[in-house]
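Report on one structure; see the data block that follows.
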């Protein structure tokens, strides 16, 4: 199944104040992301594992869309966020990319000193044992908060 823009509009417009999609899409903010092992469906109909939870800042309504729709149609750039999240979920000693670091800071998952540490070491290959352990601790907290997990269906 492919991305169906009309289905996405049909889902988003009733949750928005504006009845014009180009205006309505500007009402939404990214509030969290989730990576799951099982497939779900985006409102556009596409199967997804990468969920972007969004909230309308005017109406207070919330929903989720896939990572392609958030970028292509809603216009919220997730950049390399999902690639970086998968990398640190697979290897907690890996360097988080800037999109993951920024998202973690914006969401309150990491503190200022941790933010500065991750930014300053993100391109370095050799870290001390103490630095590696601190990075692992921060990365695990980020992945726990962002739910890189298996979904349970009831």
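The values are calculated or read from the model by the stated rules, or taken from the named source; none is laboratory data. Bear in mind that the values here come from a model prediction, so they are computed numbers and not experimental data. All Cβ positions, even for glycine, are placed from backbone atoms using ideal geometry, and neighbour counts span all protein chains on display.
Every residue in segment 4-40 that is surrounded by 12 or more Cβ atoms within 10 Å (Cβ to Cβ) and assigned to a loop (DSSP other than H, G, I, E, B), please.
Listed by number, the residues that qualify are 4, 16, 17, 18.
Failed condition for residue 103, given (1) crowded, with 16+ Cβ neighbours inside 10 Å; (2) out of contact with any strand residue (DSSP E or B) (no Cβ under 9 Å at 6 or more places or on another chain), with all others met?
(2) is the only condition that residue 103 fails.
Check whether at least one residue in segment 102-110 is part of a helix (DSSP H, G or I), outside the structural domain of residue 30 (by TED's automatic domain parsing), more than 20 Å from residue 6 (Cβ to Cβ) and modelled with pLDDT of 95 or more, and report yes or no.
Kept after step one, since they are part of a helix (DSSP H, G or I), are these residues of segment 102-110: 102-106.
Applying the additional criterion that residues be outside the structural domain of residue 30 (by TED's automatic domain parsing) yields 102-106.
Those left that are additionally more than 20 Å from residue 6 (Cβ to Cβ): 102-106.
Those left that are additionally modelled with pLDDT of 95 or more: none.
No, segment 102-110 contains no residue that is part of a helix (DSSP H, G or I), outside the structural domain of residue 30 (by TED's automatic domain parsing), more than 20 Å from residue 6 (Cβ to Cβ) and modelled with pLDDT of 95 or more.
For the subset of segment 73-84 comprising residues that are at pLDDT below 90 and within 20 Å of residue 145 (Cβ to Cβ), which member is surrounded by the fewest Cβ atoms within 10 Å (Cβ to Cβ)? Reasoning before the result, please.
Step one: filter segment 73-84 for residues at pLDDT below 90, giving 73-79.
The next check asks that each one be within 20 Å of residue 145 (Cβ to Cβ); those that pass are 76, 78-79.
Working: 76: 17, 78: 18, 79: 14.
Ranking the candidates gives 79 first.
Can you name every residue in segment 4-43 that is farther than 19 Å from residue 81 by Cβ and in contact with a strand residue (DSSP E or B) (Cβ under 9 Å, 6 or more places away or on another chain)?
8, 11, 12, 15, 16, 17, 24, 27, 38, 39, 41, 43
Looking at residue 118 and the list (1) in a helix (DSSP H, G or I); (2) in the same structural domain as residue 24 (by TED's automatic domain parsing), which single condition is not satisfied?
(2)
Could you please let me know if residue 44 is free of Cβ contacts under 8 Å to residues at least 60 places away in the same chain and farther than 30 Å from residue 6 by Cα? So that I can check it myself, show each step before the final result.
Values: free of Cβ contacts under 8 Å to residues at least 60 places away in the same chain: yes; farther than 30 Å from residue 6 by Cα: no.
Criteria not met by residue 44.
Residue 16 - would you say it is modelled with pLDDT of 95 or more and either assigned by TED's automatic domain parsing to the domain that holds residue 142 or under 17 Å from the mean Cα position of the chain (by Cα) (or both)? Let's see the steps before the verdict.
Values: modelled with pLDDT of 95 or more: yes; either assigned by TED's automatic domain parsing to the domain that holds residue 142 or under 17 Å from the mean Cα position of the chain (by Cα) (or both): no.
Judged against the criteria, residue 16 is not a match.
Considering every residue within segment 81-93, establish whether at least one is closer than 30 Å to residue 128 by Cβ, in contact (Cβ under 8 Å) with a residue 24 or more places away in the chain, in a loop (DSSP other than H, G, I, E, B) and more than 18 Å from the chain's Cα centre (by Cα).
yes
Quick one: which of 54, 70 is in a strand (DSSP E or B), touching a strand residue (DSSP E or B) at 6+ places or on another chain (Cβ under 8 Å), crowded, with 20+ Cβ neighbours inside 10 Å and not assigned by TED's automatic domain parsing to the domain that holds residue 103? Give the steps one after another, and end with the answer.
Details: 70 fails: in a strand (DSSP E or B).
Only one candidate passes the filter, namely 54.
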